[in-house]
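Here is the structure we will look at.
FYI, it's all coordinate maths here, none of it is from the lab. Quick caveat: nothing in here was measured; it's all calculated off a predicted structure. Glycine also receives a Cβ, built like all others from the backbone with ideal geometry; neighbour counts cover every protein chain displayed.
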Amino acid sequence: MNRIEQKFQELRQKNQAALILYLTAGDPGLKKTEQLIPALAQAGADIIELGVPFTDPTADGPTIQAAAGRALKKAFSLDELFAMVERVRQKTQVPLLLFSYYNPLFKYGEEKAASVGQESGIDGMLVVDLPPEESAGLRAHCRNYGLSLVHLATPVSDAQRLKLVAASSSGFVYYVSVTGITGARAHLPKDIKSHILELKKISNLPVAVGFGISRPEQAAQIAGVADGVVVGSALVSVIEKYGASPELIPRVQKFCKAFKSAMARHKTRPSR
C-alpha cells in the first residue's frame, strides 16, 4: 500500500475527504517547488499533484498553460524533477502524484519513469492524455513498482466507460466535474452529485473531483459526496501572483488552510 492509498484509508476512517492540490513543477522554479510541497503539506494538503510542464497542454486552461510556459523557460529535465522529489522526501511524506502528458514519459521511458519515480518518492501517476485502452504497459510498470495509476472519468462517460476507467485505475479515480479544460468556474454543474454517486456504485476506489473548483465553499460542497477534492488553477494563480515575493509561502498556506477548514465542516459523505 503506497502513501496515496494509505491517505485515503486514513481519511475514510475519519469520514473526511482529501484535499488534493496541484502544482506545476518548476513554477516559479524547482527550488520554489521544493519549498512549496512541504509548506502545503504542513498547511493541511493531503495529496499533492506535481504537474510536469509540457509544450502542448491541451487539457489545461490558460492559468496552468501559462504556468507550464514559465516552468519550461527553466529548461529542467525529468531527472532533475525526480532529484527534487528525493530532496522533498527528507522533509515530508505527503503523497505525491505525478501529473503528466504522455509525451514526456514516452521520451523518458515508461518503465524508467515508474522505477526512478518510485525510488525518488513518487506514489502514483496520472497521464491526462493516455486513455485506459492504451495504458496496459504503463499500468504494468506502475503495478510492478507499487505506484498508483489514476485515470479520468468525465460527465459524458457512460456506464461501460466508467467501468473501464475504474478497472484500469488504482489509488483513486479522478472525476472531471466539467467538460472542457481546467480552470476556475463560478459555478459547478447541478448534476455533479448524481454523477459521483453513479461512479461510486461502479467502483470501490475513492473518487476525487477536479476541474473548476476555485473556492472553499465549492470544495466543501464536493467534500460532502466525494472522497477527494482537487484544486489546481486557483492555487496556481496564487503562485503566479506571489511567485517572486517573500509572501509566497504564507499566501499558499493561507489558501490551503481556507479550503481544508471549509471541507472539515462537511464530513458526512454517502456510504458505498
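Observations, loosely collected:
- Cut-off 14 Å between beta-carbons: net charge of the residues surrounding Glu111, Lys and Arg +1, Asp and Glu -1: +2
- Plainly put, region 70-163 has a radius of gyration that is 1.00 times its Kirkwood radius, both from alpha-carbon atoms, as the Rg/Rh ratio.
- Per-q log10 I(q)/I(0), region 22-118, q = 0.21 Å⁻¹ (Debye; single scatterer per alpha-carbon; no solvent): -1.11
- Across q = 0.15, 0.17, 0.18, 0.19 Å⁻¹, region 191-272 modelled as identical point scatterers on its alpha-carbon atoms has Debye log10 I(q)/I(0) values of -0.58, -0.70, -0.75, -0.81, in the order of the q list.
- Cross-link pairs beyond the 19 Å C-alpha cut-off, checked among Lys32/Lys74; Lys32/Lys241; Lys31/Lys73; Lys163/Lys260; Lys31/Lys257: Lys163/Lys260; Lys31/Lys257
- Neighbour counting of Cβ atoms within 10 Å sorts the residues Thr92, Thr58, Thr33, fewest neighbours leading, into Thr58, Thr92, Thr33.
- Here, region 3-264 is characterised by an Rg to Rh ratio of 0.93, where Rg is the alpha-carbon radius of gyration and Rh the Kirkwood radius.
- Relative exposure of Tyr108, Tyr22, judged by other C-beta atoms within 10 Å (fewest first): Tyr108, Tyr22
- A crude spin-label estimate for the pair Glu133 and Glu119, with each label 7 Å from Cα along the Cβ direction, gives 3.5 nm.
- Taken over region 28-69, the ratio of Cα radius of gyration to 2.2 N^0.38 Å equals 1.30.
- Of the peptides 71-84, 163-176, the order by per-residue mean of other Cβ atoms within 10 Å, starting with the highest, comes out as 163-176, 71-84.
- Once the Cα gyration tensor of region 1-70 is diagonalised, semi-axes √(5λ) in Å: 26, 14, 10
- Mean projected area (nm²) of the alpha-carbon convex hull when region 110-258 is viewed from all directions: 9.9
- Region 3-264 - charge dipole about Cα centre, Lys and Arg +1 at Cβ, Asp and Glu -1, debye rounded to 20: 720
- Order of Cys256, Cys142 under a 10 Å beta carbon neighbour criterion, fewest first: Cys256, Cys142
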